[in-house]
Amino acid sequence: MRKPFIAGNWKMNKTVSEAESLVTDIIERLSDVEGVEIGVCPPAIDLVSVREIIKNKGIKLGAQNMHWEEKGAYTGEISGPMLKELGVDYVIIGHSERRQYFGETDQSVNRKVKAVFDYGLKPIICVGETLKERKDGKTEAKVSSQIKAALAGLKPEQVVEVVVAYEPIWAIGTGESATAGQANEVIKGIREIIEKNFPGDAQKVRIQYGGSVKPHNVEEFMVESDIDGALVGGASLEADSFAELIIKTASIYQG
Ligand code: PGA
């Protein structure tokens with residue numbers, strides 16, 4: 001069985017001191033939770049302090065972006081070896097905000113995904129359609145081309161370590177989530193594409209849903225057959241709501 005994975009994407013929120021107090025509060029609320037992998041993805045500048053606080057607490061550390069080159073003249077960028085040395089486990093790659101505001105393409109996403117593995121990290125690869133694409137019936141085409149491009153050239157043993165986050169763009173930060181049924185259908189489609197390209201591996205790949213996941217709706221998503229957790233933005237910025245999401249997920253998987 002795939003272990004559910006709930007990751008908090010803090011985006012560009014929390015100074016170092018705010019990050020320290022948030023993660024301390026999260027740990028306090030989650031000390032007895034089992035059966036769910038938990039991750040926090042703070043801004044790069046917070047990674048060192050957060051890593052110190054979550055050490056040996058069973059919480060994974062994620063970065064929100066990474067350059068594909070090992071080092072060099074790329075002002076403002078952060079490399080895999082830098083993240084690896086810090087003890088980072090995951091890197092979010094290709095979030096729709098990075099594609100929309102920072103010009104990331106399927107090609108750059110693929111280069112980054114490969115580099116993430118080269119440096120011993122694991123990617124959380126984000127895919128998802130716009131509202132227009134959904135209305136035009138192009139959801140499946142969009143998401144499958146994104147996933148095929150992102151995984152191109154990976155080895156099967158890498159593919160099984162990938163985490164995919166299906167995030168319909170129209171549901172991110174809008175309070176309007178996809179229905180659980182809609183999300184599960186798309187996620188099943190993603191699994192079929194992975195199976196077609198990497199036969200025998202798709203059942204092992206964890207696929208999260210993301211987009212306005214909140215304590216009041218998380219259970220609807222987590223009971224679905226193919227949804228293996230969530231990538232959570234807004235609701236991960238408060239310890240109470242993030243912990244509640246995780247506790248509800250744990251109870252579904254245990255019960
Ligand atoms: P949201 O963000 O939960 O605030 O909708 C999700 C994401 O962008 O990862």
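The values are calculated or read from the model by the stated rules, or taken from the named source; none is laboratory data. Remember, predicted model here, so these are calculated numbers, not experimental data. Positions of Cβ are generated from backbone atoms using ideal geometry, with glycine treated the same way; all protein chains shown enter the neighbour counts. The area values use the complete protein model at the heavy-atom level, side chains included, leaving out ligands, DNA and RNA. Shrake-Rupley method; radii C 1.70, N 1.55, O 1.52, S 1.80 Å.
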*Between residues in the range 90-102 that are more than 13 Å from residue 150 (Cα to Cα) and in a strand (DSSP E or B) and residues that are open to solvent by 10 Å² or more (accessible area, probe 1.4 Å) and near the ligand (Cβ under 10 Å from one of its atoms), which pairs lie under 9 Å by C-beta distance while being six or more apart or on different chains?*
91/64
*Scan the range 123-155 residue by residue and report those that are surrounded by fewer than 18 Cβ atoms within 10 Å (Cβ to Cβ) and not in a helix (DSSP H, G or I).*
130, 136, 137, 138, 152, 153, 155
_Matching option when the condition is in contact with a strand residue (DSSP E or B) (Cβ under 9 Å, 6 or more places away or on another chain) and either within 15 Å of the ligand (Cβ to nearest atom) or not hydrophobic (A, V, I, L, M, F, W, C) (or both), among 208, 203_ = 208
_Within the range 217-239, take every residue that is within 22 Å of residue 11 (Cα to Cα) and more than 14 Å from the ligand (Cβ to nearest atom) and give me the one that is surrounded by the most Cβ atoms within 10 Å (Cβ to Cβ)._
228
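Does residue 33 satisfy the condition of being hydrophobic (A, V, I, L, M, F, W, C) and modelled with pLDDT under 95? Break it down stepwise before answering.
Working: hydrophobic (A, V, I, L, M, F, W, C): yes; modelled with pLDDT under 95: yes.
Taking the combined requirement at face value, the residue satisfies it.
Condition check ((1) within 16 Å of the ligand (Cβ to nearest atom); (2) open to solvent by 70 Å² or more (accessible area, probe 1.4 Å)) across all residues:
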position	(1), (2)
10	yes, no
16	no, no
30	no, no
36	no, no
58	no, no
75	no, yes
82	no, yes
111	no, yes
*Hits in the range 181-215 (condition: more than 14 Å from residue 148 (Cβ to Cβ), of a type in the set (Lys, Arg) and free of Cβ contacts under 8 Å to residues at least 60 places away in the same chain)*: 188, 214
*Top-ranked residue in the range 60-73 [being farther than 21 Å from residue 243 by Cα and away from the ligand (no atom under 16 Å from the Cβ); ranked as surrounded by the fewest Cβ atoms within 10 Å (Cβ to Cβ)]*: 73
